[in-house]
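The values are calculated or read from the model by the stated rules, or taken from the named source; none is laboratory data. Worth saying up front: this structure is predicted, and the values here are computed from it rather than measured. Every residue, glycine as well, gets a Cβ built from its backbone with ideal geometry; the counts of neighbours run over all protein chains shown. Just the protein is used for accessible areas: all its heavy atoms, side chains included, with ligands, DNA and RNA removed. Shrake-Rupley method; radii C 1.70, N 1.55, O 1.52, S 1.80 Å.
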Amino acid sequence: MKALLTSFLLVIGLGGEAMAQEPAELFVDANQAYEQGDYSQAIAGYEQLLTQGTAGSGVHYNLGNAYLRNGELGRAIAQLRRSRNLSPRDGDIRANLAFARQTTRDANAPPEPSPVLSTLLFWHYGLSRAELAATLVVVNILFWGVAAVRLYRRDSEVLRWVSIGLLVLLVAVAGSVAAHRWIDRPVAVIVPQEIDTFAAPDSDSVVRFKLHAGTEVPIKDAREGWWRIALPDGQQAWIERQWTEVVDR
């Protein structure tokens, strides 16, 4: 299992020694079940950890792998996506997610950014949302701190360029935070082996096409019990929420 020690320490660090014993034991038991090939028991343990609020990247990663070994492709992809969102620079998570996607029947995974775009916008694609938020706070403090110092040293060329650089960085990071919050649409991952999609949010309406386990589709709209989704080729349809797991993009 990946990053066993790191994830174990994460579990312990969440609630203090007195309260963390049970989560720690659950994590160890779930790992042992996984190693012994008892994937259903491992899944139950990891899910219990998430229910208790122990939602670190390592738990999602191990749970995704357990679902994958247990033949539950949709849930596996959903958990691996959650793990990647928390640790976007982790190569193992990306490799396992790519492998899981290769086994899906529908080739509808949301497109990944090109290497050029990933390099140019490294902070947007390389930092998690929590890291971006923390970076925004730090850069904001530094910018206004330098601005305050410049009130007393107006002729300092170094401070002028530092403040310009910090302003550019502040705008860039703030733009990424805003994009994640208001522009990026959540993705619905199909859980059952096959579902119907409909022309309207009504199971008696015309069936448009079928989707299969592990398919990832952006959510465009919502009605009670339904999602309106869109495929890369422009096709849109309605699907029942009960057949999906929703993950942030």
Would you say Ala100 is in a helix (DSSP H, G or I) and in contact with a Leu (Cβ under 6 Å, 6 or more places away or on another chain)?
yes
If Asn62 meets every condition in (1) touching a residue at least 40 places away in the same chain (Cβ under 8 Å); (2) open to solvent by 30 Å² or more (accessible area, probe 1.4 Å); (3) farther than 15 Å from Glu216 by Cβ apart from one, which number is that one?
(2)
Where the second residue is open to solvent by less than 100 Å² (accessible area, probe 1.4 Å) and assigned to a helix (DSSP H, G or I) and the first is under 15 Å from Ile229 (Cβ atoms) and lies in the range 92-111, which pairs have Cβ atoms under 6 Å and are six or more apart or on separate chains?
Ala109/Arg101
Specify the residue that is surrounded by the most Cβ atoms within 10 Å (Cβ to Cβ); the eligible residues are those in the range 147-203 that are closer than 25 Å to Ala78 by Cβ, in contact with a Phe, Trp or Tyr (Cβ under 7 Å, 6 or more places away or on another chain) and of a type in the set (A, V, I, L, M).
Ile190
Residue under evaluation Trp227, criteria (1) in contact (Cβ under 8 Å) with a residue 40 or more places away in the chain; (2) under 30 Å from Ala107 (Cα atoms); (3) in contact with a Ser or Thr (Cβ under 9 Å, 6 or more places away or on another chain), criterion not met:
(1)
Test result for Ala76, open to solvent by less than 70 Å² (accessible area, probe 1.4 Å), under 24 Å from Glu47 (Cα atoms), among the small types (Gly, Ala, Ser) and out of contact with any Leu (no Cβ under 6 Å at 6 or more places or on another chain):
no
I'd like the full set of residues that are under 15 Å from the mean Cα position of the chain (by Cα) and more than 26 Å from Gln236 (Cα to Cα), limited to the range 86-111.
Leu86, Ser87, Pro88, Arg89, Asp90, Gly91, Asp92, Ile93, Arg94, Ala95, Asn96
Residues being assigned to a loop (DSSP other than H, G, I, E, B), at pLDDT 50 or above and more than 17 Å from Ser87 (Cβ to Cβ): count how many of those fall in the range 1-60.
5
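Okay, residues lined up against (1) without any contact (Cβ under 8 Å) to a residue 60 or more places away in the chain; (2) within 23 Å of Val138 (Cα to Cα); (3) in contact with a Ser or Thr (Cβ under 8 Å, 6 or more places away or on another chain):
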position: Ser156; (1), (2), (3): yes, yes, no
position: Arg160; (1), (2), (3): yes, yes, no
position: Gly165; (1), (2), (3): yes, yes, no
position: Val173; (1), (2), (3): yes, yes, yes
position: Val177; (1), (2), (3): yes, yes, no
position: Trp182; (1), (2), (3): yes, yes, no
position: Ala188; (1), (2), (3): yes, no, yes
position: Ile195; (1), (2), (3): yes, no, no
Please enumerate the residues belonging to the range 87-126 that are in contact with a helix residue (DSSP H, G or I) (Cβ under 7 Å, 6 or more places away or on another chain), open to solvent by 50 Å² or more (accessible area, probe 1.4 Å) and under 20 Å from Ala179 (Cα atoms).
Arg89, Trp123, Tyr125
